[in-house]
Amino acid sequence: AVHEYVRATTLANGDLSMELRDFSRSESNGTSFFAVTIRVHGGRGELDLMGSAIVRDDPWRAAACATLDAVNRRLTLLS
């Protein structure tokens with residue numbers, strides 16, 4: 001969904017693409033979390049972004065939050 005948003009906005013100018021590099025669920029000290037790594041290819045080269053989120057009630061929500069954490073506040077830097 002983030003990839004489609006970026007492609008549809010004027011930020012990308014058609015030159016931006018995202019690639020999911022790693023997506024994993026782990027546990028540390030009894031707390032489950034997701035870690036996501038995304039590689040962005042754009043006009044300014046390549047950039048690896050990482051995000052994470054703790055699993056509370058809904059693991060799907062945590063996965064989405066980890067992805068959003070990776071790209072949050074960085075979209076304008078990528079164009």
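The trypsin sites (Lys or Arg not before Pro) of region 18-68 that DSSP puts in a loop, and whose beta carbon has at most 13 other beta carbons within 10 Å, are Arg44, Arg56. Across region 63-71, computed HN-Hα scalar couplings (Karplus, 6.51 cos²θ - 1.76 cosθ + 1.60, θ = phi - 60°) run 4, 5, 5, 5, 5, 5, 4, 5, 9 Hz from first to last residue, x flagging Gly and Pro. For the pair Ser32 and Ile54, label points projected 7 Å from Cα toward Cβ lie 1.5 nm apart. Given their separation in residues at 0.36 nm each and the Cα-Cα distance between them, Arg73 and Glu19 gain 17.7 nm when the chain is fully extended.
Please report, as a whole percent, how much of the solvent-accessible surface of region 12-63 comes from carbon and sulfur atoms (probe radius 1.4 Å).
The value for region 12-63 is 44 percent carbon and sulfur by accessible area.
The values are calculated or read from the model by the stated rules, or taken from the named source; none is laboratory data. Just so it is clear, the model here is predicted, and its values are computed rather than measured. Every residue, glycine among them, receives a Cβ derived from its backbone with ideal geometry; neighbour counts consider all protein chains shown. Calculation scope for accessible area: heavy atoms of the full protein, side chains included, ligands and nucleic acids excluded. Shrake-Rupley method; radii C 1.70, N 1.55, O 1.52, S 1.80 Å.
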